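Visitor: Shown below is the structure under consideration.
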Amino acid sequence: MGMQVGGKKGGPMVDINVTPMIDVLLVLIIIFMVITPLTPKGLEALVPQPPPPNQQQSESDQRTVVIIINRDKSMLINTEPTTLDTMGKRLEEIFKTRAERVVFVKGDGELEFETVAKAIDVAKGVGLDKVGLMTPEMEAGQ
């Protein structure tokens, strides 16, 4: 608070100094902007939809790529056995001629998610656009 002595009327004149108050408000605005939490974003996942009943599998269904992870951590790409080390090269071979770069991951229910996450990481590292997760309920059409 500042004070001026003297003036036109001959008495003391008092003015409020707003500069420190504005400085404090600007600092508070900056602090609130920095500590505002951002919304977390997880992995994008697709869920395959079951085919309608009484419809035969089309060519696109036969071209669907599914990474199957068994309880003993053995992995298959559709029906072909693979390992985590060779999965990247095999996925590159499969998808080098395809325009739609989508793969589904099906893990055993008793399996730790770490193994599934590693498979998703390999698929994303190869450059696949979308990675979907398959569950037993989705396979059964529920």
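The values are calculated or read from the model by the stated rules, or taken from the named source; none is laboratory data. These numbers were taken from a predicted model, which means no experiment stands behind them. Note that we place each Cβ from the backbone using ideal geometry, even for glycine, and neighbour counts take in every protein chain shown.
Visitor: Could you check segment 94-109 and list, in sequence order, the residues that are outside any helix (DSSP H, G or I) and of a type in the set (A, V, I, L, M, F, W, C)?
Guide: Ala99, Val102, Val103, Phe104, Val105 - these are the residues of segment 94-109 that are outside any helix (DSSP H, G or I) and of a type in the set (A, V, I, L, M, F, W, C).
Visitor: Next question, about the same structure. If I filter segment 110-123 for residues that are assigned by TED's automatic domain parsing to the domain that holds Arg63, in contact with a helix residue (DSSP H, G or I) (Cβ under 8 Å, 6 or more places away or on another chain) and either assigned to a loop (DSSP other than H, G, I, E, B) or exposed (fewer than 13 other Cβ atoms within 10 Å of the Cβ) (or both), do I get at least one hit?
Guide: Checking segment 110-123: not a single residue is assigned by TED's automatic domain parsing to the domain that holds Arg63, in contact with a helix residue (DSSP H, G or I) (Cβ under 8 Å, 6 or more places away or on another chain) and either assigned to a loop (DSSP other than H, G, I, E, B) or exposed (fewer than 13 other Cβ atoms within 10 Å of the Cβ) (or both).
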